[in-house]
Amino acid sequence: MTNRLDGPQDPRGGDDAARGSSSGPNQAHGASLDLSDGPPPPADAEAAPGTTSPAKSDAGPAPAASAGPSKLGPPPTMAIWFLLPGALLLGAMVIYPIIYSIFRSLYDGTGDTFVGVDNYAAIFSDSSTLTTIRNNLIWVVVAPALVTAVGLIFAVLTERIRWATAFKLIVFMPMAVSLMASGVIFRLVYEQAPDRGVANAVISSVDGLFGSHQGYPDARPRENDQAPVAAQQGAVVTKQTAKPGQAVLIPLVGVKPDTLASAAAAKAVQPGPGELAGTVWVDFTQGGGGALNQVDGTEKALAGVTVEAVQNGAVKATASTEADGTFRFAGLAPGDYTVRLPQSNFEAGFTGVSWLGPTLITPAIIGAFIWVWAGFSMVLIAAGLAAIPRDALEAARIDGATEWQVFRKITIPLLSPVLLVVFVTMIINTLKVFDLVFVIAPGSVQPQANVIALEMWRVSFGGGGNQGLGSALAIFLLILVLPFMIINIRRFRRDNQ
């Protein structure tokens with residue numbers, strides 16, 4: 001038997017031959033020894049005779065190890081040149097104004113006398129600034145919650161209606177309008193006169209659907225013995241009773257010409273069989289003339305007046321005058337009736353809600369704010385709804401959950417991150433609100449609608465001339481905004497991790 005070293009060597013290299021040459025006396029005769037699992041030979045050990053050393057293989061010397069990590073791309077100093085313009089702009093427009101405002105808030109209005117924290121103390125001692133803080137508190141509590149709720153409702157509706165894209169476009173359109181223009185729009189919307197203000201025109205139209213009419217607060221009967229009617233506890237009643245088949249005349253005076261500008265001419269009525277009819281008109285002829293207590297061709301009718309037929313103190317029938325002032329009662333039982341115009345005819349008609357008054361000015365401006373920002377809230381929440389896995393909703397419906405339960409227990413929890421972002425963003429916007437309050441609120445009620453941002457401008461540049469107090473208000477507003485900005489930043493970082 002011959003050793004493996006006597007045979008031809010493996011042409012694939014000298015490693016196997018080298019391992020074969022290390023056979024010892026404990027190795028079985030004719031078997032090869034495999035030391036691949038053992039420790040490697042020392043680096044400076046010489047190979048056995050007849051073998052090829054790995055260090056002297058034909059592959060040549062191994063490449064030297066790199067001294068450090070390879071550098072790819074431009075050097076880090078290049079990033080500084082790209083960041084420098086933005087950093088300079090940020091410092092000039094944000095950091096420097098903040099530092100200077102802090103410095104300026106420690107001086108008086110002229111900037112010559114150091115007053116310390118007196119300006120900050122004035123914020124919480126002056127009644128006007130306390131009103132601004134109260135108004136801002138109302139804004140923070142009410143406006144963000146309503147904007148988020150309205151946006152959520154719109155976002156859910158857009159998933160269930162046709163033409164959702166057109167609906168989203170209409171709701172989002174106010175975002176394309178500046179806040180100054182939005183303020184001008186709502187200043188017109190909140191005009192008190194129903195013929196000019198859209199809000200009061202809508203209320204007046206709805207009120208008219210339920211039978212309301214324009215009152216005649218100045219109308220009254222003539223105070224003489226010849227007048228067929230008389231005033232009685234705010235109402236106007238006939239002095240003589242009438243029976244079905246008779247005509248009743250109710251002449252009034254005192255109505256302003258402006259009220260009668262579009263009124264039709266009065267007309268004498270002829271009652272039909274069994275009817276009690278009459279005319280209500282203004283017994284006055286422009287320029288003089290005309291017969292007393294008689295309907296003349298140029299005298300104006302009073303339309304929309306409520307007329308009652310009263311018998312023994314009870315109202316038996318009610319009618320309303322036509323455009324020509326005539327009224328008719330049909331189907332009355334035989335007997336004597338007193339015709340009465342109730343007091344409601346002589347009360348002032350709907351003159352409009354005073355939206356821009358001191359009581360409703362803040363809610364009115366909040367309504368304009370909701371109109372502007374509801375589209376922004378809807379778009380963000382709709383994006384969150386689109387990311388909700390539909391299998392979770394379908395599984396809940398299969399398990400028997402109602403749509404309200406699915407919305408309350410699945411949709412809302414899954415949307416909570418988006419709702420929180422919208423809510424916090426709206427809080428920041430409400431704390432900084434300025435344009436809407438400045439434009440919508442008239443000058444006479446601006447003290448009641450004032451907010452911190454508007455007070456800061458008014459004190460500094462709007463006639464106050466006290467830039468020390470204005471700077472203190474600016475820093476106070478910054479302190480209020482910072483916590484909510486930090487919440488948003490942390491939220492964004494958490495979502496990106």
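One line per residue, one yes/no per condition, for (1) touching a strand residue (DSSP E or B) at 6+ places or on another chain (Cβ under 9 Å); (2) closer than 18 Å to residue 125 by Cα:
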{"site": "443", "(1), (2)": "no, no"}
{"site": "448", "(1), (2)": "no, yes"}
{"site": "459", "(1), (2)": "no, yes"}
{"site": "464", "(1), (2)": "no, yes"}
{"site": "468", "(1), (2)": "yes, yes"}
{"site": "474", "(1), (2)": "no, yes"}
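Selection of the stretch 263-289 for residues being touching an Asp or Glu at 6+ places or on another chain (Cβ under 7 Å), assigned to a loop (DSSP other than H, G, I, E, B) and within 21 Å of residue 328 (Cβ to Cβ) yields 264, 266, 267, 283.
In the stretch 290-334, how many are assigned to a loop (DSSP other than H, G, I, E, B), under 30 Å from residue 258 (Cα atoms) and not charged (D, E, K, R)?
Residues flagged as assigned to a loop (DSSP other than H, G, I, E, B), under 30 Å from residue 258 (Cα atoms) and not charged (D, E, K, R) within the stretch 290-334 amount to 15.
Tell me, please, whether a residue that is surrounded by fewer than 17 Cβ atoms within 10 Å (Cβ to Cβ), within 27 Å of residue 480 (Cα to Cα) and among the aliphatic types (A, V, I, L, M) can be found in the stretch 147-160. Within the stretch 147-160 (the criterion being surrounded by fewer than 17 Cβ atoms within 10 Å (Cβ to Cβ), within 27 Å of residue 480 (Cα to Cα) and among the aliphatic types (A, V, I, L, M)), the answer is yes, since at least one residue qualifies. Look at (1) within 16 Å of residue 242 (Cβ to Cβ); (2) in contact with a strand residue (DSSP E or B) (Cβ under 7 Å, 6 or more places away or on another chain) and you find that residue 331 fails only one, number (2).
For residue 407, state whether it is of a type in the set (Phe, Trp, Tyr) and closer than 24 Å to residue 486 by Cα.
No.
Residue-wise test of (1) touching a residue at least 24 places away in the same chain (Cβ under 8 Å); (2) among the polar types (S, T, N, Q); (3) farther than 30 Å from residue 447 by Cα.
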| residue | (1), (2), (3) |
| --- | --- |
| 341 | yes, no, yes |
| 345 | yes, yes, yes |
| 398 | no, no, yes |
| 401 | no, no, yes |
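If the Cβ limit is 7 Å and pairs must be 6+ apart or interchain, which residue in the stretch 286-298 that is under 18 Å from residue 324 (Cα atoms) and modelled with pLDDT of 85 or more pairs with which residue that is among the aromatic types (Phe, Trp, Tyr) and surrounded by 11 or more Cβ atoms within 10 Å (Cβ to Cβ)? What qualifies is 295/281.
Taking the conditions exactly as written (assigned by TED's automatic domain parsing to the domain that holds residue 185, at pLDDT 90 or above and in a helix (DSSP H, G or I)), does residue 436 satisfy them or not? Here the answer is yes, as residue 436 does meet what is asked. When residues in the stretch 78-137 are screened for being of a type outside the set (D, E, K, R), over 30 Å from residue 441 (Cα atoms) and not in a helix (DSSP H, G or I), 8 of them pass. Candidates in the stretch 163-180 are the residues that are within 13 Å of residue 378 (Cβ to Cβ) and free of Cβ contacts under 8 Å to residues at least 60 places away in the same chain; of these, the one that is surrounded by the most Cβ atoms within 10 Å (Cβ to Cβ) is 167.
Just to verify a result, which residue in the stretch 445-497, among those that are of a type in the set (Gly, Ala, Ser) and touching a Phe, Trp or Tyr at 6+ places or on another chain (Cβ under 6 Å), is farthest from residue 109 (Cα to Cα)? Here the answer is 453.
When you scan the stretch 453-468, do you find a residue that is under 22 Å from the mean Cα position of the chain (by Cα), in the same structural domain as residue 159 (by TED's automatic domain parsing), touching a residue at least 12 places away in the same chain (Cβ under 8 Å) and surrounded by 19 or more Cβ atoms within 10 Å (Cβ to Cβ), even just one? Yes, because at least one residue in the stretch 453-468 is under 22 Å from the mean Cα position of the chain (by Cα), in the same structural domain as residue 159 (by TED's automatic domain parsing), touching a residue at least 12 places away in the same chain (Cβ under 8 Å) and surrounded by 19 or more Cβ atoms within 10 Å (Cβ to Cβ). As a summary of the residue check, residue 183 satisfies the conditions (1) surrounded by 12 or more Cβ atoms within 10 Å (Cβ to Cβ); (2) part of a helix (DSSP H, G or I); (3) free of Cβ contacts under 8 Å to residues at least 12 places away in the same chain except for the one numbered (3).
Please work out which residue is farthest from residue 481 (Cα to Cα), limiting yourself to the stretch 103-134 and to residues that are surrounded by fewer than 17 Cβ atoms within 10 Å (Cβ to Cβ) and of a type in the set (Gly, Ala, Ser). The extreme case among them is 111.
The values are calculated or read from the model by the stated rules, or taken from the named source; none is laboratory data. Because the structure is a prediction, the values reported are computed rather than measured. Note: ideal-geometry Cβ built from the backbone for every residue, glycine included; neighbour counts use all protein chains shown.
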